[in-house]
1. Distance from a point 7 Å along Cα→Cβ of ALA210 to each backbone N in the stretch 138-168: keep the residues under 16 Å and list them by number.
2. With an 8 Å Cα cut-off and a minimum separation of 6 or more residues, compute the relative contact order for the chain in percent.
3. Return the inverse of the average 1/r over all pairs of distinct C-alpha atoms in the stretch 30-159, which is the Kirkwood hydrodynamic radius, in Å to one decimal.
4. Could you give the length gained on full extension between ARG56 and LEU153, defined as 0.36 nm per residue of separation minus the Cα-Cα distance, in nm?
5. So what are the radius of gyration and Dmax for the Cα set of the chain, in Å?
6. So, in nm, how far is label ARG133 from label ALA80 when the simple model puts each one 7 Å beyond its Cα toward the Cβ?
7. Regarding the stretch 199-284, what is the average projected area of its C-alpha convex hull, in nm²?
8. Where does the stretch 115-183 land on Rg/Rh, using Cα atoms and the Kirkwood Rh?
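The values are calculated or read from the model by the stated rules, or taken from the named source; none is laboratory data. It should be emphasised that the depicted structure is a prediction, and the values quoted were computed from it without experimental measurement. Note that we place each Cβ from the backbone using ideal geometry, even for glycine, and neighbour counts take in every protein chain shown. In case anyone asks, the SASA skips ligands and DNA or RNA and just uses the protein heavy atoms, side chains included. Shrake-Rupley method; radii C 1.70, N 1.55, O 1.52, S 1.80 Å.
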Amino acid sequence: MSSPRPPHAPRPPHAPRPPHAPRPPHAPPPLQALLDEVARGGRRAQALVAGALPPRASLLWPLWGAMALLSVAASVAPGATLLSAEGLRAGRLWGLLTAPLAVPPSSPLPLILLGGLWAYSTSGLAQGLPPRREPLYTALAAALALLAPALLLGGVVFSLALSALTLLWFARPLERRPGVGSRGLARLVAVVALAGGAAGALWLSAAGGAPLHGDAALQRGLITAWGLQGGAQRLPWLNIAARDLRWVALAFCALELLLAPSATSASGLAGCLAAWAYTERGLR
């Protein structure tokens, strides 16, 4: 007689399967990742520009617009816009005011240097912090945005961009000061531009040379006026006090006239001195 079979041992329950580990996100190609970073930098640059723009009632809008129109006109018809010895003999005296506001073409190197300095100072490297790449891509996107208009208008685009930065850094704080406003800034611009034009005309009458072309008088004059009014206020990124910047501007204008004598360099020194004298009397 056979022995009874032992009862079947209960099967152990199936161990639950471990959940599938999430797949890592698909990394975009290096070029696509670079383009995405530049696009995000472009949006950041757009936000920075929108935050720095003056209000519509500011004098900076019509002033920069007039500079842009005169700069384009100078590249198309220089004889009718710039101030030259021949133009003075022909009686084209409107160049006394138009030539100091028409910027000449320039290379993108100054803007590249400013963008690199801004990216370095805001990335954390200057403070010894872990570096961030966002400022670099923001500066790169801003530089790429200028390439399209530069292909149409040439180097005058880079000069106008530098002029816009000068107006934002130095003219806008002067315009916002109590008792100055747009009218006080307009008087300062007129005094500086006429002084620069008159100095250029005197130089051309005495020594001849290349025509007066450039906003050297306006730039130096605004920097000098801001230096006289700013006191202990410091210029961003360069960390230089306003009271010291005025002497730097004056020394630069004098050195420029000694090393590269021309009607434009004489105009720059005259604009610096005129802004100094006018601001000391009371900017209003």
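1. 155-156, 159
2. 20
3. Working: mean 1/r = 0.0578 Å⁻¹.
Here the Kirkwood hydrodynamic radius works out to 17.3 Å.
4. Details: separation 97, 0.36 × 97 = 34.92 nm, distance 2.55 nm.
Full extension of this stretch gives 32.4 nm more.
5. 30.0, 141
6. With each label point 7 Å from Cα toward Cβ, the separation is 5.1 nm.
7. Numbers: hull surface 24.2 nm².
Mean projected area of the Cα convex hull: 6.0 nm².
8. Working: Rg = 16.1 Å, Rh = 14.4 Å.
My calculation puts Rg/Rh at 1.12.
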